[in-house]
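The values are calculated or read from the model by the stated rules, or taken from the named source; none is laboratory data. None of the values given here were measured: they were computed from a predicted structure. Cβ: placed from backbone, ideal geometry, glycine included. Neighbour counts: every protein chain shown. What goes into the accessible areas is simple: the full protein's heavy atoms, side chains included, and nothing from ligands, DNA or RNA. Shrake-Rupley method; radii C 1.70, N 1.55, O 1.52, S 1.80 Å.
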Amino acid sequence: MRWILLGPPGAGKGTQAALLTKKFNLPHIATGDLLRQAVREQTPLGLEAKSYIDKGELVPDNLVTNLVKDKLSNIDMEKGFILDGFPRNISQAESLDIFLDNNHKPIDAVIYLATEEQTIIQRLSGRRVCQSCEANFHIKNVPPKKEGICDYCGAKLIQRDDDKPQTIKNRIKIYNQKTKDLIEYYNKKNILKQVSGDLESDKVLALLQNFLKTGR
Ligand code: ADP
Ligand code: ZN
C-alpha cells in the first residue's frame, strides 16, 4: 500500500494518514510535520524553511524532495507508506516518480480528498495542535478531554502560526495555483481515487478501507 493523500489544507490528510498508518502499521511521511520539527530543532533545513511556512508559501522543491527521498530510503518500501502533504506541485511529483521508478516501487493510489472552502476554513481556524507530539485537535469537532492539553502526551495545545486567517487564505491560494494540477497529473495515470473530504473522519476512513478491499 503506497499511497499519496492529496487535497487542500484542512481536507483531513493528516487525520486520515494517522488513522491508516496506525491500522496498517505503516510509516506516515508528512512533510509539514517534518518541516515543523526541523524548525523547532533549528536545523539548517528548519532555518531555511521557516519563512516560507510562516507565509504559507511552498518550501523550495529541492529541500522538500531530498527530505522525502531520505525518509523513503530508510523504510521498507515494499511494505508501503503514506505520503501526506507531498508532492505539492508537478515538479515534486516528477522527482518522486523518478525515485520510485528507480526503486521499482510505484505509487498504487492517490487519494484526493475533495473539500469545500467552507469546510477548510472552519477546520483550520478551530484546529489546535500539540506542541510536542503534533497530535491534532479541533475546538468543536475533536475537543481534547482537558481544554488546551494534549490527550496523548499532556503537553500544551497551540494554534499553528499558519492557521491564522491571513495565512490560511494564502495557503488556499497556493493550493489552487500549484497543487491542484496534481489531480489531473494522477488522473491521467489512472491511480486517482476521489473521496469527499467534507465527510466526518470515520466515514472517510470507512470509504478508504472499502477502496482498499474492493478497488472501488
Ligand atoms: P496543510 O496541508 O494543512 O497546509 P502542512 O502541515 O502539510 O499543512 O504544511 C504546512 C506548510 O509546510 C506548508 O504551507 C508549506 O509551507 C510547507 N510544506 C509542507 N509540505 C510541503 C511540500 N511538499 N512542498 C513545499 N512546502 C511544503
Ligand atoms: Zn501531544
For region 122-157, which residues satisfy the criterion of being within 14 Å of ligand 1 (Cβ to nearest atom) and of a type in the set (A, V, I, L, M)? Leu124, Val129, Ala135
Filter region 38-60 down to the residues that are within 22 Å of Ala93 (Cα to Cα) and within 11 Å of ligand 1 (Cβ to nearest atom), then identify the one that is surrounded by the fewest Cβ atoms within 10 Å (Cβ to Cβ). Pro60
When you look at Ala93, is it open to solvent by less than 10 Å² (accessible area, probe 1.4 Å), closer than 20 Å to Gly7 by Cα, part of a helix (DSSP H, G or I) and of a type in the set (A, V, I, L, M, F, W, C), yes or no? yes
When you scan region 169-185, do you find a residue that is surrounded by fewer than 17 Cβ atoms within 10 Å (Cβ to Cβ) and part of a strand (DSSP E or B), even just one? no
So Tyr52 ticks every box in (1) within 20 Å of Lys180 (Cβ to Cβ); (2) in contact (Cβ under 8 Å) with a residue 24 or more places away in the chain but one. Which box is left unticked? (2)
Any idea which of Leu63, Leu35, Leu83 is closer than 25 Å to Lys169 by Cα, in a helix (DSSP H, G or I), open to solvent by less than 20 Å² (accessible area, probe 1.4 Å) and near ligand 1 (Cβ under 10 Å from one of its atoms)? Leu35
What is the number of the single condition among (1) among the β-branched types (Val, Ile, Thr); (2) more than 16 Å from ligand 1 (Cβ to nearest atom); (3) touching a residue at least 40 places away in the same chain (Cβ under 8 Å) that Ile174 does not meet? (2)
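Hey, does region 149-163 have a residue that's touching a helix residue (DSSP H, G or I) at 6+ places or on another chain (Cβ under 7 Å), assigned to a strand (DSSP E or B) and open to solvent by 60 Å² or more (accessible area, probe 1.4 Å)?
For region 149-163, residues touching a helix residue (DSSP H, G or I) at 6+ places or on another chain (Cβ under 7 Å), assigned to a strand (DSSP E or B) and open to solvent by 60 Å² or more (accessible area, probe 1.4 Å): absent.
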